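Chemist: What follows is a structure written as structure tokens; I'll ask about it next.
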Amino acid sequence: MSDIRTFVDSIFDELVAIRRDIHAHPETGMRETRTAALIRSELEKMGVDEIQQPLPTAVVALIHGKKGAGKCVALRADIDALPVHEETGLPFASVNEGVMHACGHDLHTTVLIGAARLLKEYQNDLCGTIKLIFQPAEEVMTGAAKTITNGALETPKPDFILACHTWPDMPAGSIGVRKGTMLGASDSFKVKVIGKGGHAAHPQKGIDPVVIAAHIITQLQTIVSRRVAAIDPVVVTVGHLEAGTAANIIPNEAYFEGTVRTQSNETRNHVAEILKQLAIGTARAMGGDAEVSYTFGVGPTISEDHLVDEISEAVTELLGNDKLLQVPSPSMGSEDFARYLEHIPGAIFRLGTHNDTPESKLALHNASLLFDEKAIPAGVAAMVGAAFKITGSDMSVLLK
Ligand code: NI
């Protein structure tokens, strides 16, 4: 058996071909049937155990270690693309009009296929079980929940789960880690303000829901400034507001909705409570009333400390200390990987993807963003190394 780095290098061209095939044929959430078929066929080729499709757009498979008992570790890749018209001009640019892998999920998928290939190759030295989870519809934040509902975390139930995400702010070949919160929770709310309609010239005869809504919206901004610690990041945004039909009529009702982003479960629950109190309390104080519907979406993505340590050790040993970067602060974005973390502990790490070109440093979701494919071997090595460590396998075989 060769050194893992030599082995990854030997399959690099194959992995690049897979990545370019996926990149040229992107599919948006819950439409990833071609991508799922490609993944399935690659896994079948390498002889992976027990391939299942809990959904037509998801693939779950197992690799049983032959070295003995150990933990079951799930490795997850999201496989969906975005409704973005690709403008990279690449020879393998999207052939699907208006759809693009602009978030790098084509790389995530390829990294996991590569990791499967290696784990299969090192199966005799592997303890425990690896569960590969290729999941649809991350961008619309529903794919993880559907994949889990359809049994992805059963028989066997993994002890831990890992994932990675491409990151254009970091150089290709590097891996970014952070203990604790990596991404925020994303929740939403809808408020109906109930007043009493009437003539605009005689407001005293009605209860104006427009003025009440305006007060509530202003009050909601005090959640961030007065009710949560300044060092605890929270965003409250009202993005849609509607009331009335004409300048001279006070309507019966006003309506608005918005989103709340938080970085811990504690603050998340706290903000939900305060928001309801402020909306209803303000409306009642002004003679009206309010109905609040609050929807908890995806929770914060919080990486388990010991798993981050194990990923870091694997990266240092396999790629070198200079390839391991510390992520200084969490992102206010969200990731439906958090759905798995409601069931089992896990960790997510970042996969650097930029090089010297300005196009590789554009933001995720940009139509011209280029991902340096040198990220793929780094991602594969990090996944395989971390899987070895966490299952309790002897990682030194990867360096022989
Ligand atoms: Ni993404």
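Chemist: Scan around ASN252 for amide H atoms under 5 Å from its own, H built in the peptide plane at 1.01 Å from N, and keep only partners 5 or more places away or cross-chain.
Modeler: The list, which skips near neighbours in sequence, is GLY197.
Chemist: Express the accessible area of the chain per residue in Å², computed with a 1.4 Å probe while the remaining protein chains stay in the model.
Modeler: Result: 41 Å² of accessible area for each residue.
Chemist: Rank-order 225-232, 244-251, 355-362 by packing density, defined as the average count of other C-beta atoms within 10 Å over each peptide's residues, highest first.
Modeler: Averaged packing, sorted descending, gives the order 355-362, 244-251, 225-232.
Chemist: Percent of Cα-Cα pairs more than 20 Å apart in region 244-332, please.
Modeler: I get 61 percent for the Cα pairs in region 244-332 exceeding 20 Å.
Chemist: Take every Cα pair under 8 Å in the chain that's 6+ residues apart, average their separations, divide by the length, and report that relative contact order as a whole percent.
Modeler: 24
Chemist: Additional query: Over all directions, how big on average is the projection of the convex hull of the alpha-carbon atoms in region 206-256, in square nanometres?
Modeler: 4.1
Chemist: Right, next: At a 1.4 Å probe, what is the % contribution of carbon and sulfur to the accessible area of the chain?
Modeler: Taking all protein chains in place, the chain shows 52 percent carbon and sulfur surface.
Chemist: Arrange the residues GLU44, GLU257 by how much accessible surface each exposes, largest first, with a 1.4 angstrom probe.
Modeler: From most accessible down to least: GLU44, GLU257.
Chemist: Here's a follow-up. Helix 375-391 against the longest principal axis of the chain: what's the angle in degrees, Cα atoms only, rounded to the nearest 10?
Modeler: 80
Chemist: Quick one: what Rg and Dmax do you get for the chain from the alpha carbons, in Å?
Modeler: Cα-based Rg and Dmax for the chain come out at 24.3, 86 Å.
Chemist: So what is the 222 nm mean residue ellipticity for the chain from helices alone, if each DSSP H run of at least 4 adds -39500 (n - 2.57) and you divide by all residues, rounding to the nearest 500 deg cm²/dmol?
Modeler: Value at 222 nm, helices only: -10500 deg cm²/dmol.
Chemist: In addition: Just to be sure I understand the model, the point goes 7 Å from the Cα along the line to the Cβ. What's the resulting ALA363 to ASP49 distance in nm?
Modeler: 4.5
Chemist: Nearest 5 percent is fine: what portion of the DSSP beta bridges confined to the chain is antiparallel?
Modeler: Around 65 percent antiparallel, to the nearest 5.
Chemist: Filter the cross-link list LYS131/LYS323; LYS196/LYS276; LYS71/LYS389; LYS67/LYS157; LYS131/LYS179; LYS131/LYS389 down to pairs whose alpha-carbon distance in this structure exceeds 18 Å.
Modeler: From LYS131/LYS323; LYS196/LYS276; LYS71/LYS389; LYS67/LYS157; LYS131/LYS179; LYS131/LYS389, over 18 Å: LYS131/LYS323; LYS196/LYS276; LYS67/LYS157; LYS131/LYS179.
The values are calculated or read from the model by the stated rules, or taken from the named source; none is laboratory data. The structure displayed is predicted, hence computed values, not measured ones. A quick note on method: Cβ atoms are made from the backbone with ideal geometry, for glycine too, and the neighbour counts reach across all protein chains shown. When the accessible area is computed, the model is the full protein with side chains, heavy atoms only, and any ligands, DNA or RNA have been set aside. Shrake-Rupley method; radii C 1.70, N 1.55, O 1.52, S 1.80 Å.
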